[in-house]
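The values are calculated or read from the model by the stated rules, or taken from the named source; none is laboratory data. Being a predicted model, the structure only gives us computed values, none of them experimental. Positions of Cβ are backbone-derived with ideal geometry, glycine not excepted, and every protein chain shown enters the neighbour counts.
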Amino acid sequence: MCTPAAPPHPGAMNAPMQSRTTAAYHVQAILSFAISGTALAAGIAYLPVGGWTRAFLGIGLLYTVTSSFTLAKVIRDRQESSDTVARVDQARLEKLLSEHDPFKVEGV
């Protein structure tokens, strides 16, 4: 007679993802972005050049900022996707190991 295998530990797939950044790092990143963007915008505004040149540099600044956000989102999405796949693979492995009984004899 064989006994049923124990289920995987409770909450194996329900465990929330832990944040890898601290609050101080988060604040530093926001301040760094805000200060650098403001300094560059002020530098463009006070350049001794014509309006068309200033407008071109301003649009370049906006394009760089939006591209940075897009790149960060793509990298984050790719990382979350690989984390999700790893968690699904881990759950499958836990299920397989919980169902495996090395002492089970087939046909008896």
Check your understanding: Can we say VAL85 is among the hydrophobic types (A, V, I, L, M, F, W, C) and without any contact (Cβ under 8 Å) to a residue 12 or more places away in the chain?
Key -> yes
Practice item. For the range 30-45, state whether one or more residues are exposed (fewer than 11 other Cβ atoms within 10 Å of the Cβ), in contact with a helix residue (DSSP H, G or I) (Cβ under 9 Å, 6 or more places away or on another chain) and at pLDDT 90 or above. Key: yes
Review point. Pairs under 9 Å by beta carbon, first residue closer than 18 Å to SER32 by Cα in the range 62-79, partner of a type in the set (Val, Ile, Thr) and modelled with pLDDT under 95, six or more apart or different chains?
Key: none
Review point. If you scan the range 21-76, which residues turn out to be under 24 Å from the mean Cα position of the chain (by Cα) and either part of a loop (DSSP other than H, G, I, E, B) or small (Gly, Ala, Ser) (or both)?
Key: THR21, THR22, ALA23, ALA24, ALA29, SER32, ALA34, SER36, GLY37, SER67, SER68, ALA72
Exercise for review: Answer yes or no as to whether THR84 is out of contact with any Pro (no Cβ under 6 Å at 6 or more places or on another chain) and within 30 Å of ALA41 (Cα to Cα).
Suggested key: no
